[in-house]
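Undergrad: Below you will find the structure I want to go over with you.
Throughout, read-outs are computed from the coordinates displayed, never taken from laboratory work. These numbers were taken from a predicted model, which means no experiment stands behind them. Neighbour counts are summed over all protein chains in view; Cβ atoms, including those assigned to glycine, are modelled from backbone coordinates with ideal geometry.
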Amino acid sequence: MTDHRDELQAGEYVLGLLEGPTLAEFERRLAHDRILQTAVANWREHFSAIDANVTPIEAPATLLEKIETSIGRAGTVERASGFRERLWSNIAFWRGTSFAGVAASLALAMVVVSLAGRATPKPIVVAVMQTAEMSPGAIVNAFADGSLTIVPLKDFVVPEGQTMQLWTLWDKTTGPVSVGLLARSKSLHFKRSDLPRGNDQLYEITLEPAGGSPTGKPTGPVLVKGFATTPRI
């Protein structure tokens, strides 16, 4: 079970706030800890929803200068001890962030508040799909409301004229069933209440022609695959 500290650290990891030995230790655990992988996937989905609803604009140089001055960047900055304090004092984070007026400010405030404590929807099953080299390539979360999310953990090379297609297999008689298409390595949300969600259910991503498999079944090479299991959360 992921404790409160791990949940917050997963949020820090997604925002790029972990550094040095702390980052190395977190990534070492992440490679083998399915519960931690789920926490990271949930945070990525949470933040991607904000990205999708905010129109980015370039922040004026004077604003960045004011931020630096206000937190004492010109002098000695006392190292913040809490996650929320570090979020506000990390200039590298702010330089990489676009602002969209009040909407973006409110969105960021919601993120900070949510990090202090939030009720994260718990998936029924989780599948960590691995590459042929047995490294994590993507995570699938299936929820009770019929929704399903996929979070890529690496950038897949998709040649022109092709697309990635997500499949699931729960019965050999039925065969693989398409969940949906992925044009590129980006977190996606699917609403598929018609698909079972059970332990040992196979999920995989194949490379298919643009528009999806012409046969309704996988035809291209398998990029990643993995079996679903009930998370211990």
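Undergrad: On a straight-distance basis, which lysines could pair with LYS154 in a cross-link, Cα separation under 20 angstrom, same-chain partners fewer than 8 positions away excluded?
TA: Within reach: LYS186, LYS225.
Undergrad: I need the peptides 123-133, 17-27 ranked by packing, meaning the mean over residues of other C-beta atoms within 10 angstrom, with the highest value on top.
TA: Highest to lowest by the protection proxy: 123-133, 17-27.
Undergrad: Given 0.36 nm per residue, what is the gain on full extension from GLU133 to THR174 after removing their alpha carbon distance, in nm?
TA: Full extension of this stretch gives 11.9 nm more.
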